1. How large, in Å, is the range 212-270 by the Kirkwood hydrodynamic radius built from its alpha-carbon pairs?
2. Taking the mean number of other Cβ atoms within 10 Å as a proxy for protection, how do you rank 150-157, 256-263 from highest to lowest?
3. In percent, what relative contact order does the chain have, based on Cα pairs under 8 Å that are 6 or more apart in sequence?
4. Can you divide the C-alpha Rg of the chain by 2.2 N^0.38 Å and report the result to two decimal places?
5. Cβ neighbours within 10 Å, averaged per peptide: list 236-248, 76-88, 37-49 in order, most packed at the top.
6. Please give the calculated 222 nm ellipticity per residue for the chain, where each DSSP H segment of at least 4 residues contributes -39500 (n - 2.57) and the sum is spread over every residue; nearest 500 deg cm²/dmol?
7. When DSSP assigns beta bridges and you keep just the ones with both residues in the range 11-268, what percent turn out antiparallel, to the nearest 5?
8. What is the order of Phe129, Phe134, fewest Cβ neighbours within 10 Å to most?
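Only the coordinates and a few stated rules stand behind these numbers; no lab work does. The shown structure was predicted, so the numbers you read here are calculated from the model rather than taken from an experiment. Don't worry about glycine lacking a Cβ; one is built from the backbone with ideal geometry, like all the others, and counts go over all protein chains shown.
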Amino acid sequence: MSQYIEEAGPEATRREADETESSRASRGWWDRNADEYQSEHGAFLGDERFVWGPEGLDEADAELLGPRESLKGLDVLEIGAGAAQCSRWLAEQGARPVALDLSHRQLQHALRIGDGLPLVEADATALPFRDGSFDLACSAYGAVPFVADPVTVFAEVHRVLRPGGRWVFSVTHPVRWAFPDEPGPEGLSVSGSYFDRTPYVEQDERGRAVYVEHHRTVGDRVRDVVAGGFRLVDLVEPEWPAWNSQEWGGWSPLRGNLIPGTAIFVCVRD
Ligand SMILES: C[S@@+](CC[C@H](N)C(=O)[O-])C[C@H]1O[C@@H](n2cnc3c(N)ncnc32)[C@H](O)[C@@H]1O
């Protein structure tokens with residue numbers, strides 16, 4: 001199911017979905033569900049906090065983009081920024097973030113929380129920036145899980161980054177594909193093949209996709225990063241911390257203590 005908000009109506013299935021259909025579905029889904037998403041998760045995300053995923057790993061502690069003090073003055077692109085909470089934290093550190101998202105409604109929430117940040121409404125597969133415009137790029141669950149061809153995104157990020165720049169992104173941990181997306185004990189038994197890359201699609205009565213998620217195995221993700229021109233320097237699997245008692249869709253303390261929920265890829269553009 002769409003793991004961010006429970007939604008009744010569309011039929012859930014597994015079938016191919018190309019880039020155009022995936023992009024259209026994502027834009028529509030996030031525009032329709034942004035209000036509910038922000039009201040459900042906004043408090044956890046914080047207005048000026050950089051959280052990598054439902055485990056609550058904070059960039060302030062993890063420093064995956066580099067030491068906090070080194071962010072000052074850097075041009076940073078946040079991809080799939082939603083309401084731009086991470087960009088707001090980056091601005092607090094003295095960086096110059098640009099928050100990009102496909103969804104107009106998500107960016108309206110960014111404006112609601114506070115103006116002043118550059119916001120760009122665009123698809124991550126075609127970044128509207130000149131080559132070498134940024135020192136860093138980041139994405140907390142934005143865009144990458146929803147695109148049919150992540151290599152296109154990675155190649156675009158590579159193009160707009162300056163040499164030496166980091167590209168750090170988080171996605172649902174691939175191992176979860178094999179389990180039901182449920183927070184309780186039913187989410188602990190394998191129900192499908194980890195190796196089946198057929199996208200998860202919710203479609204309307206006319207068969208049009210209204211939500212799409214694309215699965216890549218860990219090996220696929222590594223190959224995609226390399227094909228996009230990057231060097232992988234770390235793969236972080238945050239453990240569920242004792243302080244975090246919240247459930248977020250299929251993420252929960254029960255499952256989080258047993259299987260990984262998030263994978264964070266730390267890449268460098270040489
Ligand atoms: C799970 S939210 C993550 C946003 C934010 N990091 C957060 O944690 O709330 C995913 C975001 O990715 C955006 N997105 C999905 N596909 C995209 C694409 N192809 N290009 C740009 N943004 C996209 C959605 O509009 C949505 O705002």
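1. Evaluated over the range 212-270, this radius sits at 13.3 Å.
2. Working: 150-157: 21.8, 256-263: 18.0.
Listed from highest to lowest mean packing, they are 150-157, 256-263.
3. Reported relative contact order: 23 percent.
4. Here the Cα radius of gyration is 0.94 times the empirical estimate.
5. Taking the mean over residues of other Cβ atoms within 10 Å, the ranking is 76-88, 37-49, 236-248.
6. Details: 7 runs with 74 residues, N = 270.
Estimated from H runs of four or more residues: -8000 deg cm²/dmol.
7. 55
8. Placing the least packed residue first, the sequence is Phe129, Phe134.
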